[in-house]
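Colleague: The structure is given below, and queries will be raised subsequently.
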Amino acid sequence: MAELLIHGGNPLNGDLVIGGRKNSAVAVVPASILAAGTSTLENLPAIGDVSTYTEILARLGAKVDGPAGGVLQVDASNMRPEGAPMDMVKRIRASYYLLGALLGRFRYARVGLPGGCDIGQRPIDQHLKGFRALGAEVSIDHGEVVAQADALVGTHIYLDIASVGATINIMLAATLAEGTTVLENCAKEPHIVDVASFLNAMGARVVGAGTDTIKIRGVKELRPARHAIIPDEIEAATYAIAVAATRGDVTLVNVVPKHLDSVSAKLREAGIIVEENGDWIRIIAPERPRAITVKTLPYPGFPTDAMPPMMSLLSLASGTSVISEGVYESRFKHVDELQRMGTNIRVEGRSAVIEGVEQLNGAPVQATNLRAGASLVVAGLAAQGRTYLGGVEHVERGYEHLEEKLRSIGAKIERTPGEFDDRKDDEPRVVNLGQD
Ligand code: EPU
């Protein structure tokens, strides 16, 4: 398997354009099948999860063209509500959105239980509760979720957890229900607003996205639409953190600075200079960061998806930092790999105590999930010497053109076939510790 070889210790400098948001793209792409006809999606990131999704849609009968240059056309005229290949469905978490979209359009969906990163238990009970409340019968049959309804009828649904996935999924199904659905205790992430904007462009009547309560007035049918995906704030946060860790100076272009407020605030607290205006933010990091405390929370709190890279940065801070994970039960699987690079981190339940060290050292490490991989890339860029990163496919699920983008701002990074590297025999050979 290919590895990334990172020659660390070079400050990142220059300008970098941020791509479309992964977690919005993987909801907008399935949302497009709610209407027969061809929708055009723009600013799609060139990532593994989007390719997997387009393959799944093609297997369900959609005609997909792209993504090329960030543009994807989906003609959902001849879709079927079942037949999504289990192996592809399990590759991505967001395959759960097929349930809401197919149920809305066909009143029937049969889709395998989703996969995704290995970051603790990730039930979809709230999604299923929402479908049932709308009138669907839902069962699990040989690892597949089967949802069917004679009619979907709008109702009042209170989510026990403000789940991003459940909020969007129920919204998808409810757009084509009879009457009004009131969804309470919703997640408020900006991509929920993005999906709602796309649905409204298709003729849906969704109000309140981005707040606790979303009202969806069902319509008889939706029409295809054109929509541009919002910028990826987690990609932006990851690069911002990498710039801070390498003590560089980079301007990130095509971002919504507001979506990055919680990350910018924490970087500033750590002594990093963050300037912002319009659609860019500039990160200037002349000095070693200071230790800080970070707690991950649903938006507008500090994003859990930016936590692993943040941990790599804080490993280099002066003093002791504490990170508490407030979204997932277990998202510290990257710590063992970071320790190979000389970090000093102690995990206690859902918190990690990070004693900052002056320097990290390159090592062979393995990404076992997407953001774990991002944390190792950040650590590798900041470390002295070479880091060999295996499990690159996990990182490519969510970061487009990673090497090219990093190289364009001065990183020394290359892809190696893996078996031709020059590690010494007594250096640890790393095996794949898990899967998405
Ligand atoms: N939860 C339940 N029941 C449910 C749904 C969620 O108990 O029915 C729990 C989960 O176990 C978790 C918490 O609620 O502890 C939050 O889960 P949520 O549903 O909000 O997350 P998700 O929809 O599974 C999306 C992103 C994640 C991101 C989270 C939080 C996608 C495909 N995934 O997951 O992205 O961490 O929201 O913002 O949109 C990533 O990009 O690396 C990633 C993991």
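The values are calculated or read from the model by the stated rules, or taken from the named source; none is laboratory data. The model shown is predicted, which means the values in this text are computed figures rather than measured ones. Ideal geometry is used to build each Cβ from the backbone, glycine not excepted, and the neighbour counts take in all protein chains shown. Surface accessibility is based on the protein's heavy atoms, side chains included, excluding ligands, DNA and RNA. Shrake-Rupley method; radii C 1.70, N 1.55, O 1.52, S 1.80 Å.
Colleague: Being without any contact (Cβ under 8 Å) to a residue 60 or more places away in the chain and not polar (S, T, N, Q) narrows it down to one of 99, 57, so name that one.
Modeller: 57
Colleague: While we're on this one: Based on this model, can you work out whether residue 378 counts as touching a residue at least 40 places away in the same chain (Cβ under 8 Å), open to solvent by less than 10 Å² (accessible area, probe 1.4 Å), under 22 Å from residue 416 (Cα atoms) and touching a Phe, Trp or Tyr at 6+ places or on another chain (Cβ under 8 Å)?
Modeller: Taking the combined requirement at face value, the residue does not satisfy it.
Colleague: Of these, 162, 166, 237, 209, which one is under 24 Å from the mean Cα position of the chain (by Cα), closer than 25 Å to residue 122 by Cα and in the same structural domain as residue 280 (by TED's automatic domain parsing)?
Modeller: Exactly one of 162, 166, 237, 209 is under 24 Å from the mean Cα position of the chain (by Cα), closer than 25 Å to residue 122 by Cα and in the same structural domain as residue 280 (by TED's automatic domain parsing), namely 237.
Colleague: From (1) within 15 Å of the ligand (Cβ to nearest atom); (2) in contact with a Cys (Cβ under 7 Å, 6 or more places away or on another chain); (3) of a type outside the set (Asp, Glu), pick out the condition that doesn't hold for residue 213.
Modeller: Looking at each condition in turn, residue 213 falls short on (1).
Colleague: So which strands (runs of 3 or more DSSP E) are wholly in the stretch 231-296 and hold at least 3 residues that are within 24 Å of residue 354 (Cβ to Cβ)?
Modeller: 293-295
Colleague: Take residue 136 and decide whether it is crowded, with 19+ Cβ neighbours inside 10 Å, under 24 Å from residue 199 (Cα atoms) and either within 14 Å of the ligand (Cβ to nearest atom) or of a type in the set (S, T, N, Q) (or both).
Modeller: So residue 136 fails the test.
Colleague: Here are 147, 173: which of them is touching a Phe, Trp or Tyr at 6+ places or on another chain (Cβ under 8 Å), within 16 Å of the ligand (Cβ to nearest atom), outside any strand (DSSP E or B) and among the small types (Gly, Ala, Ser)?
Modeller: Result of the check over 147, 173: 173.
Colleague: Could you tell me how many of the residues in the stretch 180-203 are open to solvent by 10 Å² or more (accessible area, probe 1.4 Å), within 21 Å of residue 29 (Cα to Cα) and more than 16 Å from the ligand (Cβ to nearest atom)?
Modeller: 4
Colleague: Residues of the stretch 176-230 being part of a loop (DSSP other than H, G, I, E, B) and of a type in the set (A, V, I, L, M, F, W, C), which ones?
Modeller: Matches in the stretch 176-230: 176, 177, 186, 187, 202, 204, 219, 222, 225, 229, 230.
Colleague: Taking the stretch 399-436 as the region of interest, how many residues are of a type in the set (Gly, Ala, Ser) and modelled with pLDDT of 95 or more?
Modeller: Of the residues in the stretch 399-436, 3 are of a type in the set (Gly, Ala, Ser) and modelled with pLDDT of 95 or more.
Colleague: Looking for something under 26 Å from residue 209 (Cβ atoms) and among the β-branched types (Val, Ile, Thr) - is there at least one such residue anywhere in the stretch 326-346?
Modeller: Yes: the stretch 326-346 contains one or more residues that are under 26 Å from residue 209 (Cβ atoms) and among the β-branched types (Val, Ile, Thr).
Colleague: Residues in the stretch 143-160: is at least one within 30 Å of residue 69 (Cβ to Cβ) and of a type outside the set (S, T, N, Q)?
Modeller: no
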